[in-house]
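Report on the structure given below.
The values are calculated or read from the model by the stated rules, or taken from the named source; none is laboratory data. No experiment lies behind these values; they were computed from the predicted model shown. We place every Cβ from the backbone using ideal geometry, glycine too, and count neighbours over all the protein chains shown.
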Amino acid sequence: MKTRREALAAIGITGASAVLPSNAYGSTTRKKDSSFRYCLNTSTISGKRLGIQRYVEIAGEAGYNGIEVWIRDLKAYVEAGNSLSTLAKLIEDQGLKVEDAIGFAPWLTEGDEGKKVGFKQMREEMLILKEIGGTRIAAPPAGLPGDKPLDLFKAGERYRELLDLGRETGVMPQLEFWGSSPVLNQMGQVLLIAAVANDPDARILPDVYHLFRGGSGFESLKMLSGNFIEIFHMNDYPGSKPREEQNDGDRLYPGDGVAPLKQILTDLKSGGGTTVLSLELFNRDYWEENPLVVAQTGLQKMKQAVALVN
């Protein structure tokens with residue numbers, strides 16, 4: 001196992017070029033150019049519970065490049081007697097790519113039995129996702145108790161094992177932190193976990209809201225390069241409410257709050273590679289509106305934000 005000195009050195013190797021992973025999905029050469037793709041996380045339009053089929057149609061109609069699905073919606077679709085191959089065809093017909101999936105397998109649970117249960121669920125969900133063409137899945141701190149700190153070095157070892165599972169299934173886990181989590185809420189924590197994993201396929205999944213809510217701030221994005229961030233959750237937050245009191249429902253369209261989006265996108269672009277900007281909102285006011293209009297509005301606002309750095 002790495003020493004603390006070695007792990008911290010791995011995070012800060014060359015200042016602004018802290019993490020330079022190879023790309024498990026293509027060339028290992030870092031691209032000097034950069035670009036953005038636009039993705040709809042279906043939570044954004046989930047208030048009316050329209051189901052995964054309609055979410056896919058809306059994403060296509062609105063003009064997105066990709067879609068970020070929720071495992072629970074895929075399971076509900078199958079339980080209703082539908083075929084994942086049919087859904088895969090619909091996704092293809094809409095010109096979309098399944099960029100990522102949101103699931104809550106407790107892969108970080110302590111103990112051999114907890115690990116067994118968490119990895120079993122993650123494997124099942126990876127295989128479900130693979131049937132519709134997905135190659136990534138979120139790996140958040142789901143199910144962790146909040147009464148004791150997380151051992152980040154053990155978490156790094158566990159994440160390395162999860163990456164092995166990802167290579168086996170063809171669906172790679174994206175390490176995610178939650179700003180309101182009592183144990184894994186900071187960018188620095190996931191950077192340490194990734195450094196301890198010491199794996200070229202390690203990836204993190206940051207979020208504008210979570211970077212703000214957990215107090216990480218945004219300067220750490222300058223430290224990262226290459227494809228270490230393949231998916232980035234886009235949203236905004238209001239300045240009228242204390243950070244610690246905000247919740248997922250406070251998320252706003254990009255540009256409608258006070259997040260430093262120009263700085264964020266500039267730093268992502270400077271890192272090189274392609275970043276998928278996935279609109280992830282849980283705003284109950286938006287849920288009451290026409291979901292197609294919400295999806296279109298979110299895409300327009302993401303493009304407006306990107307235009308500030310192009």
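Quick look at the numbers
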item: Cβ-Cβ under 8 Å pairs, at least 6 apart or on other chains, the range 281-301 side closer than 11 Å to D256 by Cβ and part of a loop (DSSP other than H, G, I, E, B), far side of a type in the set (K, R) and modelled with pLDDT of 95 or more; result: L281/R251; N283/R251
item: In the range 153-181, the residues that are assigned to a helix (DSSP H, G or I), of a type in the set (G, A, S) and over 19 Å from E110 (Cβ atoms); result: G166
item: Residue among E113, E125 that is closer than 30 Å to I193 by Cα and surrounded by fewer than 22 Cβ atoms within 10 Å (Cβ to Cβ); result: E113
item: Unique match (being under 29 Å from L252 (Cα atoms), at pLDDT 95 or above and assigned to a loop (DSSP other than H, G, I, E, B)) among L184, L191, L150; result: L184
item: L184 crowded, with 21+ Cβ neighbours inside 10 Å, more than 17 Å from the chain's Cα centre (by Cα) and farther than 23 Å from V98 by Cβ; result: no
item: Out of A142, A138, sole residue that is assigned to a strand (DSSP E or B) and either under 15 Å from the mean Cα position of the chain (by Cα) or hydrophobic (A, V, I, L, M, F, W, C) (or both); result: A138
item: Unmet criterion (only one of (1) outside any helix (DSSP H, G or I); (2) under 20 Å from S180 (Cβ atoms)) for F212; result: (1)
item: Only listed residue being surrounded by 18 or more Cβ atoms within 10 Å (Cβ to Cβ), in a loop (DSSP other than H, G, I, E, B) and modelled with pLDDT of 95 or more, chosen from Y38, Y64, Y77; result: Y64
item: Residue within the range 90-97 that is closer than 12 Å to C39 by Cβ, within 21 Å of the chain's Cα centre (by Cα) and either surrounded by 15 or more Cβ atoms within 10 Å (Cβ to Cβ) or among the charged types (D, E, K, R) (or both) present; result: yes
